[in-house]
1. What single numbered condition from (1) free of Cβ contacts under 8 Å to residues at least 40 places away in the same chain; (2) in a helix (DSSP H, G or I) fails to hold for A:Ala391?
2. Any residue at all in segment A:282-302 that's of a type in the set (Asp, Glu), at the interface with chain B (Cβ under 10 Å from one of its Cβ atoms) and outside any helix (DSSP H, G or I)?
3. Looking for something out of contact with any Gly (no Cβ under 9 Å at 6 or more places or on another chain) and at pLDDT 80 or above - is there at least one such residue anywhere in segment A:186-205?
4. Within segment A:228-235, does at least one residue satisfy the condition of being of a type in the set (Asp, Glu) and at pLDDT 85 or above?
5. Out of curiosity, is A:Ala135 at negative phi and buried (at least 19 other Cβ atoms within 10 Å of the Cβ)?
6. Is it the case that some residue within segment A:400-409 is buried (at least 18 other Cβ atoms within 10 Å of the Cβ), touching a strand residue (DSSP E or B) at 6+ places or on another chain (Cβ under 9 Å), within 8 Å of chain B (Cβ to nearest Cβ) and under 26 Å from B:Asp18 (Cβ atoms)?
7. Mind listing whichever residues of segment B:152-167 are in a helix (DSSP H, G or I) and either among the basic types (Lys, Arg) or more than 15 Å from B:Cys131 (Cβ to Cβ) (or both)?
Amino acid sequence: MFQMLENQFWEKQEQDKENVSDGDVALNLTKEEEEILKDSQEGLVVEMNAGTGKEITKGGKLAKLVECLTGHKLPDLEFNSTFLMTHHSFTTSRELLELIIRRYDITPPYGLSQKSFDVFLNKKILPIRIRCCIALKDWISEYFDEDWADDELLVLRFREFVEKRVASDFQKWSQPLLNLLNEKLQGNASPKKPQAVPAVLSPELPLTPKHITNPTQLTSFLKSNPSSFLEIEPLEMARQVTLVEFEYYRAVRPNECLDQIWGERRMTEKLEAGLIKVFRKGDVSSPHISKMINHTNNLTTWVASCVVNNENIKDRVNMMRYFAQFAVACIDCNNFNGATAVVAGLTMSPVTRLHKTWELFREKHAKLAEQYDQIREVVSPKGQYSNYRKALKALQPPVLPFLGGSYHLLHCNLQN
Amino acid sequence: MAKVQQDPAAVPGLEIIDLVVVGSGGVGKSCMTVRFLKDEFTNEYDPTIEENYRKTITVDGVQCQVNIVDTAGQQEYTMLRDQHLQSGTGFLLVFALNDRGSFEEVKELRERVLKVKDSKRVPMIIVGNKCDIPPEQREVELSAVQTYCHGLKVPFLETSAKTNINVNETFHELVRECRKKKPEASKEKAAAPAKGAKKEKKSGCAIL
């Protein structure tokens, strides 16, 4: 439905464009009329891409950016999707909706002659209004979960606007817009479709200690003694950790990556900036990423504490061996997050200072120590995780990346 | 430890120094780093390229190559911090002059660095960034910082990554600090990791 409407609209725009290039005589536009049709570039940062010769909008004042989003000229699709995705970093969804509505209600300048008025109406107001509808459609269809699902006020305001304003102007646009929203709202209420999970044709059986036959037994066995987990094969441990982390990882939404200063700090900033009204502790702007980071931190701490909690050097060496094997197994599972966490645990200063323990470990398990050192190189932060990134590139998915290895890239790109 | 990697770009005999930039979120670590590393002739900066994190500079007439680890965006990975600190020989502790908390963080970071490097003297420099802000926005008392840094014999500089004040000077000064510690460091290195024979004690609690 939308496709058809949109195509019609763009075709018409194209035709008009050709007409204009035929010479303005055909349309008899006066200089003044051309002038009023133009959008000023003031308040916009536009850069020329030297390669393609195309103009790229890099930034600008909010109202100006909304103008770009809904301009009466041909659109920059890349700009539109970037803008909709990133608008949270400088405004709220509600404000954006208001701006789009205001944009929709654009009025011609005062004192136009009847003819100029008609030109303005047909060449600018109408296309802009349709562009507003298209923008709303894109916004809802692409970012419903992020922006619309939990914001009743936003939905309400949208409905009001579409039912009252759009319906009276463009019947053929209002109904599909409302339908789209309703579909999404219903879809949201029903259980989510399972996301794509890499198909494993024949999952191997878990490797459990021989004397354990069922999950309850396993639980009580693991609870019986803090170091009983040593009886679980490191490979199995890595598999289980990978499964847990994968759940965290796949819950992460793209726009969470945009709040570069993660978690509470960002929320406090938002609160101060008036972007949100209340901030309950534990509410974080990038909840899934935060969960994943928390998990990683916990794993790291656990690894370190398991090693240092043993008073006997032999037990510590055992722990080191176990975790080194664990790290190797994580890499075998393509789990960089797990590997990084384990290496970080063994790199925490309370552990690294156990010089004698390390010495004994290297002596007794020379080969494993070598493997471990290799992994340590891979996940090392040197060269801004360049080894890690190279390794990641060379692998075939499914892969569980270490998000920390990519954050600063975002950080850098957003800041500079 | 500070391992010299088989670097294709490395010139034989060229001194290689690994620097780590640390500090709270939003104090301008990335800005500092990029300001220092960025070639003035390029506008686009691609952080995915490893070569972008190293630069050959001449300090006091001697060339050296600095490799930089920028810890920006890693603040939430509190437990991974030691790993970052371990990878450096010299440290740039950055705070923002308009954020008192970030200066407190620098104090903690310094302790952390000493602990991780297991040494009383580690080459470092403390930097108060954003000195371009108007005076009324300053939250950190200059004299307090100076007293603190002076007492510890850590150099202190006010910088502005935004307007490029003292950025190069900071890195040059840090290179000097690294060179000063070098004779000591190599002695320490021989005695410390892996082969070290110090009896381990109960490690102090990590305050996190």
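1. Of everything listed in (1) free of Cβ contacts under 8 Å to residues at least 40 places away in the same chain; (2) in a helix (DSSP H, G or I), A:Ala391 misses just condition (1).
2. no
3. If we filter segment A:186-205 for residues that are out of contact with any Gly (no Cβ under 9 Å at 6 or more places or on another chain), which is where we start, we get A:186-192, A:194-205.
Now restrict to residues that are at pLDDT 80 or above: A:186.
Yes, there is a match, as at least one residue in segment A:186-205 is out of contact with any Gly (no Cβ under 9 Å at 6 or more places or on another chain) and at pLDDT 80 or above.
4. Within segment A:228-235 (the criterion being of a type in the set (Asp, Glu) and at pLDDT 85 or above), the answer is yes, since at least one residue qualifies.
5. Details: at negative phi: yes; buried (at least 19 other Cβ atoms within 10 Å of the Cβ): yes.
Considered against the rule, which asks whether it is at negative phi and buried (at least 19 other Cβ atoms within 10 Å of the Cβ), A:Ala135 comes out as yes.
6. Looking for residues that are buried (at least 18 other Cβ atoms within 10 Å of the Cβ), touching a strand residue (DSSP E or B) at 6+ places or on another chain (Cβ under 9 Å), within 8 Å of chain B (Cβ to nearest Cβ) and under 26 Å from B:Asp18 (Cβ atoms), one finds at least one in segment A:400-409, hence yes.
7. Taking segment B:152-167 and keeping what is in a helix (DSSP H, G or I), we get B:152, B:167.
Matches in segment B:152-167: B:Leu152 only.
Condition check ((1) farther than 27 Å from B:Gln65 by Cβ; (2) touching a helix residue (DSSP H, G or I) at 6+ places or on another chain (Cβ under 8 Å); (3) of a type in the set (A, V, I, L, M); (4) modelled with pLDDT of 90 or more) across all residues:
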| position | (1), (2), (3), (4) |
| --- | --- |
| B:Leu114 | no, no, yes, yes |
| B:Pro123 | no, yes, no, yes |
| B:Val127 | no, yes, yes, yes |
| B:Arg138 | yes, no, no, no |
| B:Leu157 | no, yes, yes, yes |
| B:Asn168 | no, yes, no, no |
| B:Lys187 | no, no, no, no |
| B:Gly196 | yes, yes, no, no |
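The values are calculated or read from the model by the stated rules, or taken from the named source; none is laboratory data. The structure presented is a predicted model; accordingly, all values stated were derived computationally and were not measured. Glycine gets a Cβ as well: all are built from the backbone with ideal geometry, and neighbour counts include every protein chain shown.
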